[in-house]
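The values are calculated or read from the model by the stated rules, or taken from the named source; none is laboratory data. Computed from a predicted structure; not experimentally measured. All Cβ positions, glycine included, derive from the backbone under ideal geometry; neighbour counts span all protein chains shown. In case anyone asks, the SASA skips ligands and DNA or RNA and just uses the protein heavy atoms, side chains included. Shrake-Rupley method; radii C 1.70, N 1.55, O 1.52, S 1.80 Å.
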Amino acid sequence: SHYRLFPKALGQLISKYSLRELHLSFTQGFWRTRYWGPPFLQAPSGAELWVWFQDTVTEFSSQLWTLKEGAEVAPGQ
């Protein structure tokens, strides 16, 4: 297992929901462009999650993606 290098909670989400790609960002405050240069990717304040499913996923339910569901597989829950 590679969970020493990769968060197990994200691995479980990817496996459970047949995800092909997952983008997760957490931001706080504002980016100081003058000091740090332009940001690599634009992201809103707070948390943002984007996912792409495997081609074999033919059915999607918004019930899969509730805050409660995400919290159930998050570490420390």
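Overview of results
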quantity	calculated
Subset tally (residues that are assigned to a loop (DSSP other than H, G, I, E, B) and either touching a helix residue (DSSP H, G or I) at 6+ places or on another chain (Cβ under 9 Å) or closer than 27 Å to Q42 by Cβ (or both)) for the range 12-26	1
Residues located in the range 40-49, provided they are out of contact with any Gly (no Cβ under 9 Å at 6 or more places or on another chain) and part of a strand (DSSP E or B)	G46, A47, E48
Among residues of the range 26-36, those that are open to solvent by less than 100 Å² (accessible area, probe 1.4 Å) and in contact with a strand residue (DSSP E or B) (Cβ under 8 Å, 6 or more places away or on another chain), counted	1
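Okay, residues lined up against (1) at pLDDT 85 or above; (2) surrounded by 11 or more Cβ atoms within 10 Å (Cβ to Cβ); (3) assigned to a helix (DSSP H, G or I):
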residue	(1), (2), (3)
R4	yes, no, no
L10	no, yes, yes
P38	yes, no, no
V51	no, yes, no
T56	no, no, no
Q63	no, no, yes
G70	no, yes, yes
